[in-house]
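The values are calculated or read from the model by the stated rules, or taken from the named source; none is laboratory data. Treat the numbers as computed from the prediction; the structure is a model and nothing was measured. Please note: Cβ atoms are built from the backbone with ideal geometry, for glycine as well, and neighbour counts cover all protein chains shown.
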Amino acid sequence: MATELIVKSTKLMLVRGDITQQKVEAIVNAANSGLMGGGGVDGAIHRVGGSAIVEECRRIVSQIGRLAAGKAVITTGGNLPAKYVIHTVGPVWRGGGNSEGETLASCYTESLKIASDKGLTSIAFPAISTGVYGYPQDQAAKIAIDAAIGYLKDNSTSLIAVHFVVYDGNAYKIYANELDKVAA
């Protein structure tokens, strides 16, 4: 099973673990449109990161309103090992006929663009939309990997490492199988 792949000069890696403990410059938060924390990854990031993240999220929402699905914004990492958190709102799965795939791909490309624009060298993604938003893990993994590879092939970037961080063994197998397909 493939656990890493090189695209141009960037290493895509599969990691099993806790997104809040990743030692990268930025982690991505699978946020809700209000950016105020919730369940799953979003709640964990807000709990571990602390009040500095909440304060910046409040400021952003007061300036731009709720964040649309497929868009992304950046805040401090607060108490996290990562210096920054890139918040993106994934789509709610409604059967696949409501542009969910394009919206999910946009979450990844918008986050990578923000990281590149900021000159960051490393970023870690959770499996966006696969929790309470119900996106099928196999489809989400393919979209995540394809979007990242497409972005890295088509853009000049400061990123040298892109991590896909999954929490459980089943998700790990799904992502590893997708990496196998791409690497073949």
### strands (runs of 3 or more DSSP E) wholly inside region 78-184 that include at least 1 residues being under 16 Å from residue 40 (Cα atoms) and touching a Phe, Trp or Tyr at 6+ places or on another chain (Cβ under 7 Å)
122-125, 161-166
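From the list 103, 20, 109, exactly one residue is of a type in the set (S, T, N, Q) and in contact with a strand residue (DSSP E or B) (Cβ under 8 Å, 6 or more places away or on another chain). Which is it?
Values: 103 fails: in contact with a strand residue (DSSP E or B) (Cβ under 8 Å, 6 or more places away or on another chain); 109 fails: in contact with a strand residue (DSSP E or B) (Cβ under 8 Å, 6 or more places away or on another chain).
Selected residue: 20, the only one of 103, 20, 109 that is of a type in the set (S, T, N, Q) and in contact with a strand residue (DSSP E or B) (Cβ under 8 Å, 6 or more places away or on another chain).
Matching residues to (1) more than 11 Å from residue 148 (Cα to Cα); (2) at pLDDT below 95; (3) among the basic types (Lys, Arg):
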| position | (1), (2), (3) |
| --- | --- |
| 96 | yes, yes, no |
| 99 | yes, no, no |
| 103 | yes, no, no |
| 107 | no, no, no |
| 112 | no, no, no |
| 120 | yes, no, no |
| 125 | no, no, no |
| 131 | yes, yes, no |
| 135 | yes, no, no |
### Message
Kindly evaluate residue 72 against the criterion of being under 26 Å from residue 172 (Cβ atoms), among the small types (Gly, Ala, Ser) and touching an Asp or Glu at 6+ places or on another chain (Cβ under 6 Å).
### Response
yes
### Task
State yes or no: is residue 70 of a type outside the set (S, T, N, Q), on the phi > 0 side of the Ramachandran plot, touching a strand residue (DSSP E or B) at 6+ places or on another chain (Cβ under 8 Å) and assigned to a loop (DSSP other than H, G, I, E, B)?
yes
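Select, from 43, 38, 17, the only residue that is among the small types (Gly, Ala, Ser), under 18 Å from residue 166 (Cβ atoms) and at pLDDT below 95. Can you show your working first?
Details: 38 fails: under 18 Å from residue 166 (Cβ atoms); 17 fails: at pLDDT below 95.
Going through 43, 38, 17 in turn, just one is among the small types (Gly, Ala, Ser), under 18 Å from residue 166 (Cβ atoms) and at pLDDT below 95: 43.
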